[in-house]
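Following: one structure in structure tokens, then a few remarks.
The values are calculated or read from the model by the stated rules, or taken from the named source; none is laboratory data. All figures in this text were calculated on a predicted structure; none of them were measured in a lab. Don't worry about glycine lacking a Cβ; one is built from the backbone with ideal geometry, like all the others, and counts go over all protein chains shown. Areas reflect the complete protein model, heavy atoms only, side chains present, ligands, DNA and RNA absent. Shrake-Rupley method; radii C 1.70, N 1.55, O 1.52, S 1.80 Å.
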Amino acid sequence: MKIAHICIASAFTEGMGYQENSLVDINRVDGHDVLVVSNCRRFEGARNVDTAPEDRVMTNGARLVRLPFDWTGPRYLTEKIKRTRRLFSLLEEYCPDVILYHGVIGWELQTLSRYKFQHPDVRIYVDSHEDRHNSGTNWLSYTVQYRMLTRWLAHRVLPDVEKILYISAETKDF
């Protein structure tokens with residue numbers, strides 16, 4: 001099976017013990033062909049640093065592709081929107097059977113919906129870690145970003161998602 005892990009919202013770093021890393025390792029051990037799509041950031045020690053776009057095979061045999069975000073204004077806004085037009089063509093090239101979208105419910109879920117419309121057999125799963133403690137911590141973020149934009153986006157793509165995997169009951173409520 002071909003499995004794509006979409007980690008646009010996170011700084012995927014090879015060798016770390018995060019959920020995304022563990023799932024990719026297990027998928028490889030189970031014999032699956034695995035693609036990891038990340039943004040152009042990674043950890044060096046405790047620091048989250050910029051890195052160049054890349055397309056390479058990691059030591060576990062999974063393919064890692066780092067895509068830069070499309071410019072959507074100041075860096076702060078660009079990193080909030082997390083949009084990259086290159087994702088759709090990468091999925092077209094890879095043709096996954098399953099897509100796992102990790103992290104913040106974001107703009108690229110619309111890309112996955114568009115991909116599912118053209119490839120109805122693909123199964124899409126979304127994991128969410130957002131809650132009142134780590135997201136929407138001020139009025140503007142909570143009201144505009146989450147209560148309005150993220151809610152609208154989530155309801156728009158929900159019909160194309162098999163399951164949303166919540167990390168906690170508080171995440172589901174948020």
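Residues that are under 19 Å from residue 23 (Cα atoms), open to solvent by 10 Å² or more (accessible area, probe 1.4 Å) and over 10 Å from the mean Cα position of the chain (by Cα): does segment 97-114 have at least one? Checking segment 97-114: at least one residue is under 19 Å from residue 23 (Cα atoms), open to solvent by 10 Å² or more (accessible area, probe 1.4 Å) and over 10 Å from the mean Cα position of the chain (by Cα).
Return yes or no: is residue 28 of a type in the set (Lys, Arg), in contact (Cβ under 8 Å) with a residue 12 or more places away in the chain and open to solvent by less than 60 Å² (accessible area, probe 1.4 Å)? Against the criterion (of a type in the set (Lys, Arg), in contact (Cβ under 8 Å) with a residue 12 or more places away in the chain and open to solvent by less than 60 Å² (accessible area, probe 1.4 Å)), residue 28 does not qualify. If we scan segment 32-46, do we find a residue that is farther than 14 Å from residue 100 by Cα, open to solvent by less than 50 Å² (accessible area, probe 1.4 Å), among the small types (Gly, Ala, Ser) and touching a residue at least 24 places away in the same chain (Cβ under 8 Å)? No; the residues of segment 32-46 include none that is farther than 14 Å from residue 100 by Cα, open to solvent by less than 50 Å² (accessible area, probe 1.4 Å), among the small types (Gly, Ala, Ser) and touching a residue at least 24 places away in the same chain (Cβ under 8 Å). Please count how many residues of segment 76-115 are at pLDDT 80 or above and not in a loop (DSSP other than H, G, I, E, B). Residues flagged as at pLDDT 80 or above and not in a loop (DSSP other than H, G, I, E, B) within segment 76-115 amount to 21. Residues considered: 17, 73, 61. Of these, the only one that is at pLDDT below 85, open to solvent by 20 Å² or more (accessible area, probe 1.4 Å) and part of a loop (DSSP other than H, G, I, E, B) is 17. Among the residues of segment 20-56, just one is in contact with a His (Cβ under 6 Å, 6 or more places away or on another chain) and either within 20 Å of residue 85 (Cα to Cα) or in a strand (DSSP E or B) (or both), namely 36. If we scan segment 47-63, do we find a residue that is touching a residue at least 12 places away in the same chain (Cβ under 8 Å) and of a type in the set (Ser, Thr, Tyr)? Taking every residue of segment 47-63 in turn, at least one turns out to be touching a residue at least 12 places away in the same chain (Cβ under 8 Å) and of a type in the set (Ser, Thr, Tyr). Can residue 49 be described as β-branched (Val, Ile, Thr), surrounded by fewer than 16 Cβ atoms within 10 Å (Cβ to Cβ) and touching a strand residue (DSSP E or B) at 6+ places or on another chain (Cβ under 8 Å)? Considered against the rule, which asks whether it is β-branched (Val, Ile, Thr), surrounded by fewer than 16 Cβ atoms within 10 Å (Cβ to Cβ) and touching a strand residue (DSSP E or B) at 6+ places or on another chain (Cβ under 8 Å), residue 49 comes out as yes. Taking residues in segment 81-94 that are farther than 14 Å from residue 119 by Cα and in contact (Cβ under 8 Å) with a residue 24 or more places away in the chain, and partners anywhere that are open to solvent by less than 40 Å² (accessible area, probe 1.4 Å) and of a type in the set (Ser, Thr, Tyr), the pairs with Cβ atoms closer than 7 Å and at least 6 places apart or on different chains are 81/72; 83/72; 87/111.
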